[in-house]
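In what follows, a single structure is set out as structure tokens and then discussed.
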Amino acid sequence: MGLDSLYLKQEREAKWRAELRKQTKNKDRMLIERVSMPELEPEVRVNYQDREVNSGLTREMAMQEAVRCMDCANPTCIEGCPVSINIPKFIKNIERGEIQQAASVLKETSALPAVCGRVCPQEKQCEAQCFYVQKLNKPAVAIGHLERFAADFERESGEMSIPETAKSNGIKVATVGSGPAALSFAGDMVKKGYDVTVFEALHEIGGVLKYGIPEFRLPNKIVDKELENLQKMGVHFETNFIVGRTASFDDLKEQGFQAFFIGSGAGLPRFMSIPGENYNGILSSNEYLTRVNLMGAQYEETDTPVLHGKRVAVIGGGNTAMDSVRTALRLGAEKAMIVYRRSEEEMPARIEEIKHAKEEGVEFHNLCNPLEYYGDENGRVSGMKLIRMQLGEPDASGRRRPVPMEGSEFEMEVDLVIVAVGVSPNPLVPSSLKELKVTKWGTIVVDEAKMQSSIPEMFAGGDIVRGGATVILAMGDGRRAAEKMDHFLQEKYAVN
């Protein structure tokens with residue numbers, strides 16, 4: 001799945017790239033300061049659920065940032081990319097003003113470049129491996145911002161390139177779920193000539209991209225455009241279709257499907273099992289975000305309006321917690337708080353998300369953990385008891401374990417609590433396939449090199465395997481599964 005070193009070398013030696021390297025001396029490239037992403041002002045953006053915070057680079061900003069890239073002979077940035085984008089090639093195309101070509105390079109290996117440019121943790125992946133970080137102790141080239149720029153530029157130009165697909169081989173394959181792992185898998189398989197159908201239980205395609213990420217971070221129209229591209233490549237989409245209920249796997253096999261990719265995600269919310277957790281006004285982040293992002297629940301006139309709170313506490317420190325607390329602010333909360341049992345340094349949320357939350361007025365109560373919830377006479381949550389924590393020795397994740405401080409309990413008034421302490425895998429597929437091996441946590445067991453399950457024609461990836469992952473890691477799983485399923489089917493059916 002990764003890019004061959006000989007191929008990368010040949011691409012780098014292309015005449016246009018060699019000339020581009022000569023145009024600017026490396027010492028001059030190093031003097032250019034990293035670009036800053038333009039943003040909507042906090043006092044404006046908190047009033048809108050559907051206005052994107054980051055507004056994107058201008059062409060001039062992007063081309064200037066692209067000059068910073070050294071076009072390294074050994075591009076370590078690619079090693080940090082789970083979908084193996086040819087990063088120097090797309091960036092050098094931006095530097096020379098060939099933006100459409102840059103977008104085409106992205107789509108060679110990524111099914112969702114406009115999405116990834118917005119929500120991927122580049123600072124922990126490709127940018128962490130950048131020459132500037134590794135060797136110069138300077139800010140990385142803004143790879144994520146440039147990816148977003150190229151994808152947006154192409155979309156807004158109205159001239160979207162469609163990746164080439166091989167001649168149809170007539171073999172039908174299916175994906176269960178339509179999140180990033182499934183879409184990445186579908187994009188790669190249709191390129192290889194397979195007849196691909198994506199089955200989605202909800203009424204909209206996109207999985208967590210649609211229900212889990214608010215529009216101020218990832219507008220639905222961006223996701224829809226990426227999906228449209230996949231449709232033009234030949235991917236079929238079926239909504240309101242629950243594999244295991246609407247039709248069984250045996251039913252689908254009878255319809256001619258030869259192999260399956262399970263990308264059904266981890267949509268089962270987790271709670272903390274503490275007293276009072278069943279009071280009205282205590283929601284999972286899954287329910288809260290799904291109802292707002294996908295069902296318009298913030299509007300009173302909808303069939304299922306969501307509860308609004310004036311004093312809202314979100315329990316957790318990941319991106320989902322940040323999305324929830326920032327959504328609560330936009331829905332009118334006077335006080336929106338993060339309650340997290342570790343320190344800010346241990347928060348799994350992206351640095352950018354924490355920064356945006358602070359700018360918008362979110363209060364952070366770190367090193368605190370809820371012990372109990374209180375309710376009013378109507379059964380609605382009205383307060384909670386918390387305990388202060390201190391950090392002890394590192395746990396299995398490498399983060400220092402939070403330890404309760406005896407006698408440090410205190411109370412806090414709240415009228416809405418959103419619990420964002422993690423998710424569990426969707427149990428529907430494993431429960432309908434008794435021969436499928438799963439872990440004690442309910443995740444599907446796969447051969448990590450192949451993403452193949454205990455049922456040979458069934459592959460899986462994303463949250464249903466990892467239990468919780470980033471969009472880009474899920475996409476990497478999808479690409480790896482497509483490569484290995486292709487090998488499996490070629491061997492089984494002697495596909496030409």
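The values are calculated or read from the model by the stated rules, or taken from the named source; none is laboratory data. Note that the coordinates shown come from a computational prediction; the quantities given were computed from them, not determined experimentally. FYI the Cβ positions are ideal-geometry reconstructions off the backbone, even for glycines, and counts take in every protein chain you see. When the accessible area is computed, the model is the full protein with side chains, heavy atoms only, and any ligands, DNA or RNA have been set aside. Shrake-Rupley method; radii C 1.70, N 1.55, O 1.52, S 1.80 Å.
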Checklist outcome for this item: Between the alpha carbon centres of region 105-158 and region 267-333 the gap in Å comes to 31 Å
Next on the checklist: If you take semi-axes √(5λ) of the Cα gyration tensor in Å from the coordinates, which of (1) 43, 26, 20; (2) 39, 27, 23; (3) 37, 31, 21 do you get?
Outcome noted: (3)
Item to check | Protection-proxy order for peptides 61-67, 359-365, each taking the mean of Cβ atoms within 10 Å per residue, highest first | outcome: 61-67, 359-365
Next on the checklist: Out of the GluC sites (Glu not before Pro) in region 102-185, which ones are loop residues according to DSSP with at most 13 other C-beta atoms within 10 Å?
Outcome noted: E159, E164
Next on the checklist: For a quick check of your reading of the filter: which chymotrypsin sites (Phe, Trp or Tyr not before Pro) in region 1-102 sit in a DSSP loop and have no more than 14 other Cβ atoms within 10 Å?
Outcome noted: Y48
Item to check | Charge context of G256, other residues only, Cβ under 14 angstrom, K/R +1, D/E -1 | outcome: -3
Checklist outcome for this item: Around A449 (Cβ within 9 Å, Cβ-to-Cβ, excluding A449; K/R +1, D/E -1) the net charge comes to +1
Checklist entry - When DSSP assigns beta bridges and you keep just the ones with both residues in region 263-384, what percent turn out antiparallel, to the nearest 5? => result 25 percent
Checklist entry - What number comes out for the charge environment of Q298, summing +1 per Lys or Arg and -1 per Asp or Glu over other residues with Cβ under 12 Å away? => result -2
Item to check | Whether region 372-445 is rounded, prolate or oblate, judged on the alpha carbon gyration tensor where a/c under 1.5 counts as rounded | outcome: oblate
Checklist entry - Just going by the charge dipole of region 313-357, with Lys and Arg at +1 and Asp and Glu at -1 on Cβ, which of I338, G316, A328 is farthest out on the positive end? => result A328
Next on the checklist: Taking the solvent-accessible surface of protein heavy atoms with a 1.4 Å probe, what is the per residue accessible area of region 143-254 in Å²?
Outcome noted: 38 Å²
Next on the checklist: As an exercise, identify the trypsin sites (Lys or Arg not before Pro) in region 119-190 lying in DSSP coil whose Cβ has no more than 12 other Cβ atoms within 10 Å.
Outcome noted: K167
Checklist outcome for this item: In terms of the alpha carbon gyration tensor, root eigenvalues a ≥ b ≥ c, rounded if a/c is under 1.5 and otherwise prolate when a/b exceeds b/c or oblate, region 175-261 is oblate
Next on the checklist: How much of the pair distance distribution for region 94-160 lies past 16 Å, counting alpha-carbon pairs only, in percent?
Outcome noted: 48 percent
Checklist outcome for this item: Computed D for region 453-496, Stokes-Einstein, Kirkwood radius over alpha-carbon pairs, 37 °C, 0.692 mPa s, to the nearest µm² per second, is 292 µm²/s
Checklist entry - Could you give the accessible area per residue of region 441-496, probe 1.4 Å, as a whole number in Å²? => result 42 Å²
Checklist entry - What number, rounded to the nearest 500 deg cm²/dmol, is the helix-based mean residue ellipticity at 222 nm of the chain, given -39500 (n - 2.57) per DSSP H run of at least four residues and division by all its residues? => result -10500 deg cm²/dmol
Next on the checklist: Using a 1.4 Å probe on the protein heavy atoms, what percent of the accessible area of region 18-72 belongs to carbon and sulfur?
Outcome noted: 49 percent
Next on the checklist: Using a probe radius of 1.4 Å on heavy atoms only, what accessible surface per residue do you get for region 346-438? Whole Å² is fine.
Outcome noted: 51 Å²
Checklist entry - Over the chain, what is the percentage of antiparallel beta bridges among all DSSP beta bridges, to the nearest 5? => result 40 percent
Checklist entry - Which percent of the accessible heavy-atom area of region 274-326 goes to carbon and sulfur, probe 1.4 angstrom? => result 48 percent
